[in-house]
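Trainee: This is the structure I have questions about; it appears just below.
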Amino acid sequence: MVVPTDHALHEGLQVSPLILSDDVRRQKIENHLAKMRFSAATARKIQDVFISEMNKGIHQQPSSLQMENTYIPELLDGTEGGLFLALDLGGTNFRVLLLELANGAPIRQEVKRYYIGPELRVGSAVPLFDYLAKCVSDFVIAQGLQDVELPLGFTFSFPTIQHSLDVGVLVTWTKTFNCSDAVNKDVVLLLHEALDRRGDTKVKVVAILNDTTGTLVQGSTLDSDTAVGLILGTGSNACYLENADRVEHWEPERHGERQVIIDIEWGAFGDNGVLDFIKTDFDRENDANSLIVNSFTFEKYIGGKYLGEVVRVILARLTKEGLLFVGENTSQNLLTPGTLTTDLVSHIEQDSVDGGDTNTKEILAKFGIIPDQDDIKVVQYVCEVVSNRAALLVSICLASLLDRIDREQVTIAVDGSLYKHHPRLENWMKQYISLLTPGRKFKLIHAEDGSGKGAALVAAIAQRIKKRLE
Ligand code: BGC
C-alpha cells in the first residue's frame, strides 16, 4: 500500500475561496465556518476514531458502530429462480415489489409505491404494520398470487439487532419515523402478525435486511467486485463483506461461512461522544431541531434529511449577525426550521458547478429574498462547505473500509436520493478516497433500487441457503 502524504490530502481538501467586496465580512463568515473545513490532521483523526469504533463494534465492545451481522453469507450463485416479494420501508418511498428470477437474474419486475402519511410515521406500531400488510395483500391480490407461497425480503432501513436472517429487533427509529412502541420488538414478527390478522395471502418473510445490504447484493449483479453497499439518501449507512472469522456476534449455528455482510450502522457514529471534536454550534442546533435528539450524530452531518437544515441554520445565524441579506425581510421562512430542504442545496450547488446563479436566485426568491451579488456568493459558499464536509466524512469511512477489506479491486455500490441528485458528491468522493488511501483500486457504481430489487434477491439467496440446510 502507498503511504498517504498528507500534503496531497491537505491540498485536496481546499474548497473554492470566498471572494467578497467587503474583506472584513468575508473574514467573519469564514471564521464562522472554519470548524466545518477539516485539515488533513482532523481528517486522519476522524479516520482513526472510525477504525477504532469499527474494531470495538465487531468485537462486541461498547462502540457507536453496531457492526451488525446480517447473516447473509453469500451472494447470488446463478441458480436462483421463482417469484420473490420485497417490501421496502425506510427512505423517501415505501414500495412493494415482485421479482421473477431465472438462473439468478431478474426476468420480470412489478413495483407499486405507496404513500405513508405523517400520522402513521410517528403513531403507534400496530396501525403502521397493519398498513404495510394491507399494501402487501393489495399488491399480491392484484397480481393474482394470493394462493401462492411467496417468500418476502423485508428491507427495513433502521438499526436492528439481528438474531438471525429473519429476526430483527428495532434499536431506534431514525429519519422521519418514530413509532416508539415498536422499539425493542422484532419487526418481522410485527409484520407477520399484521399479515396474519388479514389472513388473505401466503406471504412469508424469509429475510430482514437493510437498504445498504440490498444495494450491495444488487450491485454484485452489476459488478462482481462489489464488496460495499452505501446509501446516501434521507439517511446514510454502509455495509461490507467481512471475513466471517472476524465476526464475534453469530447466534445461529455456523455452517462454514467464509464471509458475511456486516451492516455498520454508521449513522450513529459519534453518539458516544467520540466525534465531539468536529461538532459545531450549527450541528447542535440541527440536532435540537430533529425528530430524535442526541442520536444519529453522523447521519446529521451527511444525510439528506439534514444537510438543508444545517445550511439553513448557518444562513439564519449569518443573517442575524448582519453578515447576510442586509435590509432584506427574512423574518419568516428562512428562520423557521425545516424550510430549506436538501434538494435545494443540490440546486444551489449546481449553480456553483455551472458558474451561474439562476437556481440560487430562484430559491431565495421563494423565501422572499432578493439577494445582492455578495449574498449569492455567501449562500453558494455555505452550501459548498456543508456538502463538501459530508463528502469528506463519507470518504473517510469508505477509505477505511477499503483498507479493511484489503482486496485488489473493490466496487462500492451506491444508491440514495442525495447521491443521485447532488451534482458534486460523487466527484469529491472519488477524489478524497484516492487521497486518503492512495493506490487502492476502487469504483463507485450506482446500484439503482438496491433497497427494492436487492431485497427480493436476498429473499432468493435466503431460500436457497435454507433448502441446502434442510
Ligand atoms: C438507518 C440505516 C439505513 C440508513 C439509510 C439510517 O437512518 O439507521 O439502517 O441504512 O438510514 O437509509
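Trainee: Please give the number of the condition Ala207 fails out of (1) surrounded by 24 or more Cβ atoms within 10 Å (Cβ to Cβ); (2) within 14 Å of the ligand (Cβ to nearest atom).
Mentor: It fails just one condition, (2).
Trainee: Hey, Ile278 hits all of (1) open to solvent by less than 20 Å² (accessible area, probe 1.4 Å); (2) not assigned by TED's automatic domain parsing to the domain that holds Ala41 but one; which does it fall short on?
Mentor: In the conditions (1) open to solvent by less than 20 Å² (accessible area, probe 1.4 Å); (2) not assigned by TED's automatic domain parsing to the domain that holds Ala41, Ile278 misses (2) alone.
Residue-by-condition table, conditions (1) in contact with a Leu (Cβ under 7 Å, 6 or more places away or on another chain); (2) among the hydrophobic types (A, V, I, L, M, F, W, C):
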| residue | (1), (2) |
| --- | --- |
| Leu9 | yes, yes |
| Glu30 | yes, no |
| Phe38 | yes, yes |
| Ala43 | yes, yes |
| Met54 | yes, yes |
| His59 | no, no |
| Leu65 | no, yes |
| Leu75 | no, yes |
| Gly81 | yes, no |
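Trainee: If Glu328 meets every condition in (1) surrounded by 15 or more Cβ atoms within 10 Å (Cβ to Cβ); (2) at pLDDT 95 or above apart from one, which number is that one?
Mentor: That leaves (2) as the condition not met.
Trainee: Checking the conditions here, which among Pro438, Pro371 is in the same structural domain as Leu307 (by TED's automatic domain parsing), within 30 Å of Gln259 (Cα to Cα), open to solvent by 10 Å² or more (accessible area, probe 1.4 Å) and not acidic (Asp, Glu)? Walk me through it before giving the result.
Mentor: On the way: Pro371 fails: within 30 Å of Gln259 (Cα to Cα).
Just a single option satisfies the conditions, and that option is Pro438.
Trainee: Taking the residues in the stretch 131-165 that are small (Gly, Ala, Ser) and closer than 30 Å to Val247 by Cα as candidates, determine which candidate is nearest to the ligand (Cβ to nearest atom). Steps first, please.
Mentor: To start, the set of residues in the stretch 131-165 that are small (Gly, Ala, Ser) comprises 133, 137, 142, 144, 153, 157, 164.
Now restrict to residues that are closer than 30 Å to Val247 by Cα: 153, 157, 164.
Working: Gly153: 15, Ser157: 4, Ser164: 18 Å.
Out of the qualifying residues, it is Ser157.
Trainee: Oh, and also: Among the residues of the stretch 357-368, count how many are more than 21 Å from Asn329 (Cβ to Cβ) and either open to solvent by less than 30 Å² (accessible area, probe 1.4 Å) or in contact with a Leu (Cβ under 8 Å, 6 or more places away or on another chain) (or both).
Mentor: Of the residues in the stretch 357-368, 0 are more than 21 Å from Asn329 (Cβ to Cβ) and either open to solvent by less than 30 Å² (accessible area, probe 1.4 Å) or in contact with a Leu (Cβ under 8 Å, 6 or more places away or on another chain) (or both).
Trainee: Only one of these is more than 17 Å from Thr215 (Cα to Cα), open to solvent by less than 20 Å² (accessible area, probe 1.4 Å) and in a strand (DSSP E or B): Leu85, Leu97, Leu101. Name it.
Mentor: Leu101
Trainee: Right, something else. For the structure I just gave you, tell me whether Val293 is in the same structural domain as Trp428 (by TED's automatic domain parsing), within 16 Å of the ligand (Cβ to nearest atom) and either outside any helix (DSSP H, G or I) or over 25 Å from Thr212 (Cα atoms) (or both).
Mentor: For Val293, the condition - in the same structural domain as Trp428 (by TED's automatic domain parsing), within 16 Å of the ligand (Cβ to nearest atom) and either outside any helix (DSSP H, G or I) or over 25 Å from Thr212 (Cα atoms) (or both) - is met.
Trainee: Here is a further query. Could you please let me know if Lys453 is among the charged types (D, E, K, R) and in contact (Cβ under 8 Å) with a residue 40 or more places away in the chain?
Mentor: Spelling it out, Lys453 is indeed among the charged types (D, E, K, R) and in contact (Cβ under 8 Å) with a residue 40 or more places away in the chain.
Trainee: Can you name the residue in the stretch 91-122 that is within 16 Å of the ligand (Cβ to nearest atom) and out of contact with any Phe, Trp or Tyr (no Cβ under 6 Å at 6 or more places or on another chain) and, of all such residues, is modelled with the lowest pLDDT?
Mentor: Here the answer is Thr92.
Trainee: Please count how many residues of the stretch 210-259 are assigned to a loop (DSSP other than H, G, I, E, B) and within 16 Å of the ligand (Cβ to nearest atom). Give the derivation first.
Mentor: Initially, the stretch 210-259 is screened for residues assigned to a loop (DSSP other than H, G, I, E, B), giving 210, 223-225, 233-235, 247-258.
Next cut, within 16 Å of the ligand (Cβ to nearest atom) only: 210, 233-235.
Looking only at that region, the number is 4.
Trainee: Which residue, of Leu344, Leu315, Leu334, Leu324, is touching a residue at least 24 places away in the same chain (Cβ under 8 Å), in a loop (DSSP other than H, G, I, E, B) and away from the ligand (no atom under 16 Å from the Cβ)? First the steps, then the outcome.
Mentor: Numbers: Leu344 fails: in a loop (DSSP other than H, G, I, E, B); Leu315 fails: in a loop (DSSP other than H, G, I, E, B); Leu334 fails: in a loop (DSSP other than H, G, I, E, B).
Criteria check complete, one pass: Leu324.
The values are calculated or read from the model by the stated rules, or taken from the named source; none is laboratory data. It should be emphasised that the depicted structure is a prediction, and the values quoted were computed from it without experimental measurement. In this analysis, Cβ positions are derived from the backbone assuming ideal geometry, glycine residues included, and neighbour counts consider all displayed protein chains. The protein model used for the area step is the full one, side chains on, heavy atoms only, and it has no ligands, DNA or RNA in it. Shrake-Rupley method; radii C 1.70, N 1.55, O 1.52, S 1.80 Å.
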